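Take a look at the structure below.
The values are calculated or read from the model by the stated rules, or taken from the named source; none is laboratory data. From a predicted model like this one, the values you see are computed outputs, not experimental measurements. Reconstructed Cβ throughout: ideal geometry from the backbone, glycine too, with neighbour counts over all protein chains shown.
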Amino acid sequence: MLLRLSYATKLLAASLIFVSATAQGQQPDPTIDRLLSKLPPPEKIVKPAPSSAMQSADPAGRDPLVQGIFTALKGGNGNRAYSLARQLTERHPRSAGAFILRGAIASAVQQFNDARTSYKTAASLQPNLSATHLGLAQVEAVQGRAAAAIPHLQRYVKMEPNAAVGWFALSDCAQRVGRKAESVTYARKAAALAPSDALAWVQLARAERAVGNQEGTLKALTRAADVSPDSGVMLASVGYSYINLNRISQAIPPLTRAARLMPNDGLVHAQLGYCLQQTGQVGAAVTHLRKGASLSPQYGMVWEHLGVAYAKQGKQRDAAKAFERATKLMPAYRPSWEHLAQSYRALGQSAEAARADARARSLPAARSNLAGR
């Protein structure tokens with residue numbers, strides 16, 4: 001993140017960036033949140049600067065143990081880093097920076113009590129260090145206690161009003177405890193302070209989405225895509241936002257670029273195919289829908305859209321097969337049964353058409369906002 005943070009503070013910031021993990025074993029769901037869950041984890045985004053871990057006047061910063069800590073972290077050996085951090089504070093019991101570093105690493109290896117104690121020790125040594133408040137917030141947040149993290153973050157932004165990471169974390173925590181309007185306010189502040197940071201815009205998009213502001217979500221995602229033009233996830237999110245707003249033709253360019261960047265993402269091909277089919281580009285739609293179906297065969301809506309496209313081409317036998325697959329995957333989705341009945345009638349299969357019609361009539365009408373899903 002482009003926030004000019006010290007290494008210890010960046011460690012804390014990394015732990016405060018919440019990117020929800022995609023649930024395993026579930027049918028793909030093309031919501032914006034799920035697309036955004038494909039973003040790289042915080043440790044891949046935050047770039048530490050080891051040389052700026054502590055103030056140059058702090059003798060602990062010149063201790064060879066510090067380089068050993070960074071080497072261990074770089075090698076993924078958190079326990080080794082933690083052991084060295086403890087040794088560092090034993091050698092330098094008056095170094096607030098050493099205790100902040102120990103707190104960050106202790107939290108990373110889930111030694112939360114020690115992390116909390118380390119940050120409090122640092123605060124007692126140097127009361128005006130903002131990093132201690134960010135650290136204490138991280139200890140609470142990483143354990144799922146967003147409400148307890150908020151007061152620490154509020155102290156942090158009071159001390160560091162121009163640090164985007166504080167507003168970013170406040171927005172995330174506020175959203176998690178249901179303070180949605182506050183979350184938007186904090187996210188807007190973070191984006192204003194870090195306009196070239198895609199994650200700031202992503203958080204604003206999440207916050208706007210939580211309050212139901214679809215236009216605001218789209219604008220924030222568009223800015224995120226602008227500052228990360230090679231991110232297929234961002235482009236796909238923009239495209240899906242256009243679909244949510246029923247601006248189908250505008251979804252095609254970002255989804256086309258996303259499909260090029262993520263050629264093996266079935267969801268992107270499915271959504272692009274849907275948009276192409278809706279705008280009369282049926283041949284291209286079939287190409288993407290078939291690819292989407294092969295990559296995500298358990299995603300029912302791709303079969304529904306593929307069936308519609310085949311029907312438009314007059315390929316009723318292929319359409320019927322696609323609708324049959326859709327009804328198996330989405331047995332309660334009425335339009336697939338209606339379309340299946342139509343294809344059966346076109347093929348002269350009257351009995352099958354009657355059964356599909358009866359099943360359709362037994363189901364409630366589909367919500368209109370499911371059209372592209």
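Say whether the condition of being closer than 17 Å to Q277 by Cβ, surrounded by fewer than 23 Cβ atoms within 10 Å (Cβ to Cβ) and either of a type in the set (K, R) or at pLDDT below 95 (or both) is met by at least one residue in the range 300-307.
No, there is no match, as no residue in the range 300-307 is closer than 17 Å to Q277 by Cβ, surrounded by fewer than 23 Cβ atoms within 10 Å (Cβ to Cβ) and either of a type in the set (K, R) or at pLDDT below 95 (or both).
Inclusion of N128 among residues that are under 18 Å from R188 (Cβ atoms), touching a residue at least 24 places away in the same chain (Cβ under 8 Å) and not in a helix (DSSP H, G or I) is not warranted. Among residues of the range 299-312 that are assigned by TED's automatic domain parsing to the domain that holds L329, those with a Cβ under 6 angstrom from a residue that is at pLDDT 95 or above and aromatic (F, W, Y), sequence gap 6+ or separate chain, pair up as H305/Y274; G307/F323. Counting only helices (runs of 4 or more DSSP H) that fall entirely inside the range 152-231 and contain at least 1 residues that are in the same structural domain as H133 (by TED's automatic domain parsing) and more than 22 Å from T256 (Cα to Cα), the qualifying elements are 164-176, 180-193, 198-210. Within the range 233-280, the residues that satisfy the criterion of being closer than 17 Å to V302 by Cα, in a helix (DSSP H, G or I) and among the β-branched types (V, I, T) are I243, I248, I252, T256, V268.
In the range 258-273, the residues that are touching a residue at least 12 places away in the same chain (Cβ under 8 Å) and within 13 Å of V233 (Cβ to Cβ) reach residues that are among the aliphatic types (A, V, I, L, M) and part of a loop (DSSP other than H, G, I, E, B) with C-beta atoms within less than 8 angstrom, at least six apart or across chains, in these pairs: V268/M262. Of the residues screened, A149 is not one that is modelled with pLDDT under 90, touching a helix residue (DSSP H, G or I) at 6+ places or on another chain (Cβ under 7 Å) and closer than 23 Å to A190 by Cβ.
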